[in-house]
Amino acid sequence: MAPYAPRLFRSNCMSTTCVVGILWGDEGKGKVIDFLAADADFVVRYGGGHNAGHTLILPSGKMVLHLVPSGIVHERVTNVIGNGVVVDPLHLVKEIDGVRARGIRIALGENLLISERAHVILEAHRVQDQWHEQARGKGRIGTTGRGIGPAYADRCNRIGLRMGDLIRPDALRAGIERLCSEKNPLFAGAGLPELSPSALFEQLAAAGEQLRAGIVDAGHLLRVAHKANKRILLEGAQGCLLDVEHGTYPYVTSSHASTGGAFSGTGLPPHGMRTVGIVKAYATRVGEGPFPSELHGEMAERLRKAGNEYGSTTGRPRRIGWFDTVAVRYSADLSGAQELVVTNLDVLSGFDAFELVTHYRLADGTTTDRFVAFGLEGATPITQRFAGFSQNLRECRRFDDLPAQARDYVLAIERATGIPVKTISVGPGRDQVILR
Ligand code: GDP
Ligand code: IMO
Ligand code: MG
């Protein structure tokens, strides 16, 4: 009999790296993926949908991607929209056109693959998302209004359509029938427009025709690649604190945004993955929900302006807070982050002082350094103050180029989180990076 141990460790390669947002999204994942993709064979989105907005700075200017993975600029990278992603096929067709219009090659079936198991977002999901938000009134979540939650809900209810249905007329017809027969009575009760099976069929079959060459069994291809030790970069969307289970529920998205979703959302086995957590040098959040380190007034306004903190998808002003070591430690532990990338350090230039949250004081008067599931609404931060710096950091390329105050701040982040900060981003450009 073959010895057991070698088989056990056969696939224990570290050729898969997951880049995950550590806070509430918009940490700079797009930039980091674009930077790391130079060394990758595959870049794979594993969750979320076009609620994501990942920014790349190209020689031709800024490009924001919502569904197309952020490795698309690199010629030899195969980009994959994994099964955990919810795909609005009409949006995807438009996004592909937009990327191509910038002179970037997208060949479906070659450098862009879409999992046939990925679920479809319909116009009806968008309508439903907005209806829910309205019905919630003051308790609204502040979703991106793109139908994400209702699409994932239909997946769980087993009435969703999958991308593979779009290129199989019989399956598509049957799936639409099933969906409409369950949704229409509910929609009628809510006063929402009735879904027309024939109109849906026409629209989805047409989108399927345009995407046909790219709709494949992506999980199988990824497992083959993984066995062959190909370098696979998993591109997280949103952030750990928006994870449907581990985030600030109910003020979360509807997917497993932390690394837990990386395996179920791709079909890759849970072997030897390296996790890189992305954090900003301060904190931001879009939408409602608790944000213990949140700043108000002039300081928030100045940071928002300096960091151009407006949503990449909806354009909403992002809420701003200090770097929160309680939240970062929680997410890093949860996601298994072995190293951190700190982005936007350059944005802190010009401030006399800034602060790092070390503990929370909860509404009942107790103090904690734990990111608790209940009670964050009334929490106030306890902070440590740092001297600011005035030097422009955008040209710094070595850790020693940074002013002493900026170095102290990064080292304090390392001490407080217990995780090495191996990369520091000092500007939106691909080359504005310090490696340690
Ligand atoms: P993602 O969703 O995590 O990919 O992040 P977004 O693209 O939504 O938001 C990040 C924003 O910060 C974008 O406008 C980036 O161009 C920008 N950005 C990324 N890294 C840096 C950095 O180090 N400094 C500055 N000033 N901007 C950055
Ligand atoms: P990237 O990948 C920031 C937020 C929304 C809202 C909540 C639920 O660019 O980091 P949803 O539409 O998903 O049901 O909204 O989640 N949200 C994001 N915030 N960055 C994102 O993605 C986000 N995707 C969703 O603002 O609070
Ligand atoms: Mg974003």
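No value in this document is a laboratory result; all are computed from the given coordinates. Quick caveat, the model's predicted, so the values are computed rather than measured. Heads up, the Cβs are rebuilt from the backbone with ideal geometry, glycines too, and the neighbour counts pull from every protein chain shown.
For the chain, what does -39500 (n - 2.57) per DSSP helix run (n ≥ 4), summed and divided by total residues, give at 222 nm, in deg cm²/dmol to the nearest 500? Could you put the intermediate results ahead of the total?
Numbers: 12 runs with 136 residues, N = 436.
Theoretical 222 nm ellipticity from helices: -9500 deg cm²/dmol.
Build a GNM of the chain with springs between Cα atoms under 10 Å: which of PRO403, PRO292, PRO185 gets the top mean-square fluctuation?
So, out of PRO403, PRO292, PRO185, the one fluctuating most is PRO185.
Can you work out the Karplus-derived ³J(HN,Hα) for every residue in segment 306-314? Use 6.51 cos²θ - 1.76 cosθ + 1.60 with θ = phi - 60°, whole Hz, and x for glycine or proline.
After applying 6.51 cos²θ - 1.76 cosθ + 1.60, I find 4, x, 6, 8, 10, x, 6, 9, 10 Hz.
If Lys and Arg each add +1 and Asp and Glu each add -1, what is the summed charge of the other residues whose beta carbon sits under 15 Å from the beta carbon of ALA199?
Details: positive: ARG173, LYS183; negative: GLU123, GLU177, GLU194, GLU202.
Here the count lands on -2.
Once you keep just the Cα pairs under 8 angstrom separated by 6 or more residues, what percentage relative contact order results for segment 279-435?
Across segment 279-435, relative contact order equals 25 percent.
List the residues of segment 375-396 whose backbone N lies under 18 Å from a point placed 7 Å from the Cα of ASP333 along the Cα-to-Cβ direction.
Only 375-376, 382 pass the distance filter.
Give me the log10 of I(q) over I(0) for the chain at q = 0.08, 0.14 Å⁻¹, as the Debye formula computes it from C-alpha points; what are the numbers?
Taken in order of the listed q values, log10 I(q)/I(0) reads -0.45, -1.30.
Based on the Cα gyration tensor of segment 279-435, what are the three equivalent ellipsoid semi-axes, each the root of five times an eigenvalue, rounded to whole Å and given largest first?
Numbers: eigenvalues 121, 67, 47 Å².
Taking √(5λ) for each eigenvalue gives 25, 18, 15 Å, largest first.
Using 7 Å Cα-to-Cβ label points, what is the ARG407/SER264 separation (nm, one decimal)?
4.5
Ranked by Cβ crowding within 10 angstrom, fewest neighbours first, how are PHE399, PHE354, PHE291 ordered?
If I rank by nearby Cβ atoms, fewest first, I get PHE399, PHE354, PHE291.
Quick check on the exposure proxy: order LYS138, LYS183 from fewest to most C-beta atoms within 10 angstrom.
Ranking LYS138, LYS183 by Cβ neighbours within 10 Å, fewest first, gives LYS138, LYS183.
Give the order of SER349, SER258 when sorted by the count of other beta carbons within 10 angstrom, beginning with the fewest.
With the sparsest Cβ surroundings first, the list reads SER349, SER258.
Report the FRET efficiency, 1/(1 + (r/R0)^6), for THR380 and GLU301, where r is their Cβ-Cβ distance and R0 is 25 Å, rounded to 0.05.
With R0 = 25 Å, the Cβ-Cβ based efficiency is 0.80.
Measure nothing but the geometry: give the 0 to 90° angle between the long axis through the Cα atoms of 89-101 and the longest principal axis through the Cα atoms of the chain, rounded to 10°.
60
Quote the convex hull volume per residue of segment 120-211, based on C-alpha atoms, as a whole number of Å³.
89
If r is the Cβ-Cβ distance from ARG136 to ARG158 and R0 is 25 Å, what FRET efficiency results, to the nearest 0.05?
Computed FRET efficiency for ARG136 and ARG158 comes out at 0.50.
Just for the chain, what percent of DSSP beta bridges are antiparallel, to the closest 5?
On the way: 24 of 61 bridges.
So the antiparallel bridges amount to about 40 percent of the total.
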